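Below you'll find the structure, written out as structure tokens, and then a few comments.
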Amino acid sequence: MEMGEKMNKEALVVCSDKSTGIGITVWDLETGEQLLHIPTCAAAPHGLFCLRNQFIVASQSNRHGSFGGGSIFIWPLNKPQSPLRSYTLEAMGPISCTKGGLYIAGGAPSGNAYLWEVTSGRLLRTWHAHHKSLKCMVFSDDDSLLIFGCTDGIISVWSMISLVDVEDSGSSPSLLYYSSEHRSSITGLVTMSAGARSIFISSSLDGTCKVWELVSGRHLQTLVYPMSVTAIALHPIERLLFSGSVDGNIFVNVFDIGAVEDCFVTTEDQAFVLKVHNESITALTFSGFHLISASEDFTFCLWDTINRVVLRRFNNRKGAVTNMVVIKQSSLFPILNHQRVTHQFQVSLLQKYPQPSNPGKGMATFLSFPASHSKPPPTHFHGNNLLDHLISGSEQEEQTPAMLQTKLEKNIDDRLWVTSMTKHVMEISKHLQCRLLDMMQCRLLCNPYELDSSPKKKRHKIQSQNQTPTEQSQ
Amino acid sequence: MARFDQLENMYDVGLKPVMLRSLIRQYLPAENHPLNLNNSCFELPSLVSILQTHCLLSELDSQSIDPKLINTWKSAVDDWLSCLLSLLSSDMSDKCWVGICLLGVSCQECSNQRFLSSYSVWLNKLLSHIQPPADSQLVKIASCTSLADLLTRLARFPEVKKDGNLLAGKLVQPVLKLLNEDNVEAVWEGAANLLYALIAFFPASIHHYYDKVEAAIASKILSGKCSTKTLKKLGYCLALLPKAKGDKDSWSLMMQKILISINDHLNEAFQGVEEEAKSDEARRLLVPPGKDLPLPLGGASFKGTSSERLPTATISTLMFCCCKMLTSSYPVQVTVPVRLMLALVERLLRVDGSLPHTMLPFMTSVQQELICSELPVLHAYSLELLIALIKGMRRQLLPHSAYIVRVVTRYFKRCSLPELRIKLYSIIRMLLLSMGVGIAIYLAPDVVENASNDLNSLDGEDIETSPANTGPATGALPQLSNRKRKHGAKTGSLEEKQDAPSPKVGESNTHQTIPITVKIAALDTLEVLLTVGAASKSESWRSSIDGLLMKTAINSCKRGWGNLESNIFLPHESASVWADFQLSSLRALLTSFLAPARVRPPYLSQGLELFRRGKQEAGMKLAQFCAYALFALEVLIHPRALPLDDFYSACHNSTDGASNRFLENIYSGSRKQNTSFLSAMQRTEQGGVESHDDDLYDRWLQNENENQNKSEYIPVEDMKDQTSRPNDSSFTNVLEVREKEPAAANADVHMRNENEIVVQPWHLEESVPKSQEVASAKAVMSPAVGTNPEGSEIESKTPLSASDRLNDTNHDMFSCVDKVDGFDNVAGKTSSTLPNAKKGSSSMVHLDSDSSMDSFPGIVDADPDTDSDSD
């Protein structure tokens, strides 16, 4: 029971970009204790994320090798002693991964972007996306688009499908559109999962947040703030937008894209202000319904957004927190507790250089969903026709009562078929018996004066054929 | 025997042993009596159904049952089973057959205890009937089936897994013998059933015989001499076979062998209709240079196919096998040769029966005819393979999705056979759903074009308006159309297709009527496109699609409502196809209403009418959907902005004066303006919902009915869009100014911060009113706004003179100007709360209202004018 509770609890992973000595710390948000400390990590802002709830991935800002390259470290959460150290051509700033954890994108200060496939580690694509340094990047909710924000305020949206196209025939441009409406560096990008209408929000040092339609790039709304906005986060129910500013205030806006589609500016007169930090906000995130804010003042706070009070204030003495990720505490437990761990995708070292794709080489994957696999077959017997069920169905998880019903009927039909076949055979033999009797009668009563019709002749023949074996057997 | 006292009702447990005994008496022939097959064959199904519905063999061990009754029941079941076993050991094959069938049923029905105690006896008994002395085909088939049932039941008891594997191991060789030596197809089928059960539930038992099993199945498939159904069953077994080993390599090896075999067969089949280079290329991909060719499928090469027949059955079975390998689960991670399979699909879809120029002299018309007649089946299977790839790989297919899009769109242009089009539509739906909006961008133009063509052909509807007419017209198709019944449908339809006259694939469908099933697929696809990609660049096609869907829905419903209940005299599918069409068209219509758009759905009133009618008049399923549609549209008609409970309730609870004031502001605003956000607030507080909503609805209805009214609204929006840019830049200019004068302001900020670190935000607001006058005073004088406030006031009065709320808007504008100004002159931090406080005292309308927004163009227009004036 205690274990089960622990499984659902969340933990906060924080790291700084100042010095590798600070490393990564995992905090228990409820008790405030440190759960885990991983030394030697300093990630650039937006350079830390949790991959598939199992790995912490961080781009290393300070670690320039002898050739000026960068590196991305991947720590398995349940075995943090042995990270995968991947070395990249350039130092990586922001990095991000798709929701399914299949691809990792990274951006360099040069404006180059990199895209890896996690399972094989293949570098699928590198390209010059921007002229200035990339600040942040995020995948759309269905993982089909990639959004970049740049220090010069330009936002660009790329189609994943043509970015990762193995053939790269150049038939479709990868860049969907770009926008330079922001006047200063982009500081945050957030996507919304609002059904068919994909929307994302960008925040910028120019003191505005802008709301965009994801695919068309239409600018829907601008929120103006008195200060440069340094971080944004959406409330889980997506109606509240939290924007952290350079002076430590966090503005809370009601976010209503439905009604105010045509408003080009909503001012901050609706905004509440959460105020406890006295230096620039560096990151905002949510754990359940609790906001967590981190600031340059070396602290980070857990907020009750309903009562707008700070529930807990953490002090990261060694340096300001620049990256925060909320993870499940259960992922910290050693492997023993995970039975489904065998069905996870592997994670490979990310390659430094793109390699020519080998068309004959396949793609490693798991067939069928892991969930259906770990489930033992139900021991309760349903009384369906197993035979038909097995041959046609094969997917165990599809067993609905309705299907069982139809299978039952099918079963009876099948047996009926066999039955009717047999019956048919029996009828033939019965028919033959009848004829035999008929003919015997015929022969007995036979007199030459009767008219000989042709069927009777046939009958005679049949009779004689039939009779010979019978007589022989007798 | 049971006591003959009164039974309570049909649920009385006492009834069960009695019934069982009378069943034994009635149906099971005694040992020395001949079986009256005439009776029992008819009655066997009813016997089984009685057994199953009343659970006569279940021996429910419940506390409430009288122990005496339990014993009676137990002895009745004992009798039943001993009767069956005696039948089983009978010399007469018909008796034996009945006994085997009923034993199979007993395996399913009996209690766990009984099953566990006697399964090995039963298994051995049944086993003896598939081994050499047995000669009756019927008995062999029945034994295979019953054994499969037994194994399946056995697999549900993990505690006897080891024993089960041992016993199952004994079955493998007899089954192989049946496959190899028997020459009746029905027996092969039965053997395939049993083999499936073995592989699926006791893979360990197969392990030692892996190669033999592979060879036995492969020889049957490669000979291609069975019916499609049997071939498919065997193909499925082959697909599952790697599970017996369960490692990565055996899966890959099997896949490679199958692909090579398909390739070899295709090379042979496509001689003359495709360039030589193609087949070489495929071969090169399959076997990477430097690697050994694996042994051919089944160990040795089979060259049994006659030259005058195409090996279609073999190729299609092997492709089916690939599909199953992709879609069934596998214990470890495997490497799927995606590129190879896509190349295979593309190769097949490319061949359309036309002859390349170089080949013309070598082909006879007979050969071409032969190819053309078989091609639809091959195309259907290559589409199946594509579907299986998408299902199996899901998101991982992303690097190949551009390629798939190219293949699919290219094929869409040429594909004109209904069942292939239906498959193609379903592939597109799968792609849209699994890859999201990113792929919608690429697929939308083709989907819209093709679906419009399919739906626009009017002639089809006139012919097929009534359910009775749909039968003959679409007889061959409906099975394929239904995604849900894919498994069951495959066999039948393909057989039909093989018999179908050879189509001229290249020919366009100019004079063809589009079957209703294709239209259903097109509608479903449009629905998915709207759901996934309506937000994508849909301006070009959206309005035409909305119109088309409305038209289709009206047409589909104008001659009454279809009935989904099946007519016993018609094949099930054709009876309900019309109702399916109506349902699809209504669903697509609802989606077109709900999908995000920038204008009100133009056909909403007609659609509502349709849904209302359907709800009252149509049959069960349609009415249910219509009710749901009205339910879903409710939100569109009466936009519902629910209160943010946690956010606002906190404000209500707060005793702080400043925040209360803030709320008052909102209410004062909401009374005057109908923004939905504010109306929600009002709803919670005052319950003044009805009048509010009615007002909204009336306004909306005006909107809907009077086009003039609507056209008044739109230009306003457009104007705003146009003006947004200059306005924006003026604001950012202002903000840049702010950034340039940081020193003083920032110092101020820091001072304040140090004093108020732990103070809650609303404490700050108390200090606001004091600074308010300063701020507003500065606002008037400040040059930073870039415009003279008075000037802009004058200018804006003219465009807005029509407005009744002149004063309000002007106030509004002022508050806005004040605010922007305030950022520069007062500490930026307080300024955000400043307007709130200010409004609190003056109860002004705040900015978030329609009329105030209308005033914005006024301000902007004023800018250049005032500038030029001052110049």
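The values are calculated or read from the model by the stated rules, or taken from the named source; none is laboratory data. Everything numeric in this text was worked out from a predicted model, so none of it was measured. Positions of Cβ are generated from backbone atoms using ideal geometry, with glycine treated the same way; all protein chains shown enter the neighbour counts.
In table form, for the structure just shown:
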| quantity | calculated |
| --- | --- |
| Residue within segment A:42-50 that is under 26 Å from A:Ile147 (Cα atoms) and at pLDDT below 85 present | yes |
| So B:Leu266, is it in contact with a Cys (Cβ under 7 Å, 6 or more places away or on another chain) and either closer than 26 Å to B:Glu281 by Cβ or not acidic (Asp, Glu) (or both) | no |
| Residue identified as on the phi > 0 side of the Ramachandran plot and buried (at least 20 other Cβ atoms within 10 Å of the Cβ) among B:Gly298, B:Gly235 | B:Gly298 |
| Any hit, segment B:133-144, residues being within 14 Å of chain A (Cβ to nearest Cβ), more than 21 Å from B:Trp188 (Cβ to Cβ) and either free of Cβ contacts under 8 Å to residues at least 60 places away in the same chain or out of contact with any Cys (no Cβ under 8 Å at 6 or more places or on another chain) (or both) | no |
| Per-region count, segment A:140-152, residues modelled with pLDDT of 90 or more and surrounded by fewer than 22 Cβ atoms within 10 Å (Cβ to Cβ) | 2 |
| Segment B:514-531, subset hydrophobic (A, V, I, L, M, F, W, C) and within 14 Å of B:Phe593 (Cα to Cα), residue farthest from the other protein chains (Cβ to nearest Cβ) | B:Leu526 |
| Unique residue being within 22 Å of B:Cys322 (Cβ to Cβ), outside any loop (DSSP other than H, G, I, E, B), at pLDDT 90 or above and within 14 Å of chain A (Cβ to nearest Cβ) when the list is B:Ala200, B:Ala218, B:Ala192 | B:Ala192 |
| From the options A:Ile257, A:Ile292, residue that is at pLDDT below 85 and farther than 19 Å from A:Ser185 by Cβ | A:Ile257 |
| Flag if B:Ser82 is exposed (fewer than 15 other Cβ atoms within 10 Å of the Cβ), closer than 25 Å to B:Lys140 by Cα and either of a type in the set (Asp, Glu) or at pLDDT 85 or above (or both) | yes |
| Test: residue in segment A:208-223 that is outside any loop (DSSP other than H, G, I, E, B), polar (S, T, N, Q), over 21 Å from A:Ala283 (Cβ atoms) and within 9 Å of chain B (Cβ to nearest Cβ) | yes |
| Any strands (runs of 3 or more DSSP E) falling wholly within segment A:70-151 and containing at least 1 residues that are of a type in the set (Phe, Trp, Tyr) | A:70-76, A:84-88, A:103-107, A:112-117, A:123-128, A:134-139, A:145-150 |
| Segment B:317-375 - residue that is assigned to a helix (DSSP H, G or I) and among the charged types (D, E, K, R) and, of those, nearest to the other protein chains (Cβ to nearest Cβ) | B:Arg339 |
| Flag for B:Val273 being touching a Ser or Thr at 6+ places or on another chain (Cβ under 9 Å) and aliphatic (A, V, I, L, M) | yes |
| Residue match in segment B:265-272 (condition: of a type in the set (Asp, Glu), closer than 28 Å to B:Asp352 by Cβ, surrounded by 18 or more Cβ atoms within 10 Å (Cβ to Cβ) and modelled with pLDDT of 75 or more) | no |
| Residue within segment A:346-363 that is within 14 Å of another protein chain (Cβ to nearest Cβ), modelled with pLDDT of 65 or more, under 24 Å from the mean Cα position of the chain (by Cα) and not in a loop (DSSP other than H, G, I, E, B) present | yes |
| Residue in segment B:199-213 that is in contact (Cβ under 8 Å) with a residue 24 or more places away in the chain, of a type in the set (Ser, Thr, Tyr) and closer than 21 Å to B:Leu138 by Cα present | no |
| Qualifying residue in segment B:198-214 (condition: basic (Lys, Arg) and surrounded by 23 or more Cβ atoms within 10 Å (Cβ to Cβ)) | no |
| The listed residue being modelled with pLDDT of 85 or more, in contact with a strand residue (DSSP E or B) (Cβ under 6 Å, 6 or more places away or on another chain) and over 17 Å from A:Leu274 (Cβ atoms), out of A:Leu234, A:Leu189 | A:Leu189 |
| Segments classed as helices (runs of 4 or more DSSP H), wholly inside segment B:226-286, with at least 1 members that are aliphatic (A, V, I, L, M) and out of contact with any helix residue (DSSP H, G or I) (no Cβ under 9 Å at 6 or more places or on another chain) | B:276-286 |
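This table checks each residue for (1) closer than 20 Å to B:Val98 by Cα; (2) buried (at least 24 other Cβ atoms within 10 Å of the Cβ); (3) away from chain A (no Cβ under 11 Å).
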site: B:Phe115; (1), (2), (3): yes, no, no
site: B:Asn124; (1), (2), (3): yes, no, yes
site: B:Ser128; (1), (2), (3): yes, no, yes
site: B:Leu147; (1), (2), (3): yes, yes, no
site: B:Arg156; (1), (2), (3): no, no, no
site: B:Asp163; (1), (2), (3): no, no, yes
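So that you can scan it fast, the table gives a plain yes or no per residue for (1) buried (at least 23 other Cβ atoms within 10 Å of the Cβ); (2) hydrophobic (A, V, I, L, M, F, W, C); (3) touching a helix residue (DSSP H, G or I) at 6+ places or on another chain (Cβ under 6 Å):
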site: A:Cys209; (1), (2), (3): yes, yes, no
site: A:Trp212; (1), (2), (3): yes, yes, no
site: A:Ser216; (1), (2), (3): no, no, no
site: A:His219; (1), (2), (3): no, no, no
site: A:Leu223; (1), (2), (3): yes, yes, no
site: A:Ile232; (1), (2), (3): yes, yes, no
site: A:Gly244; (1), (2), (3): yes, no, no
site: A:Gly248; (1), (2), (3): yes, no, no
site: A:Asp256; (1), (2), (3): no, no, yes
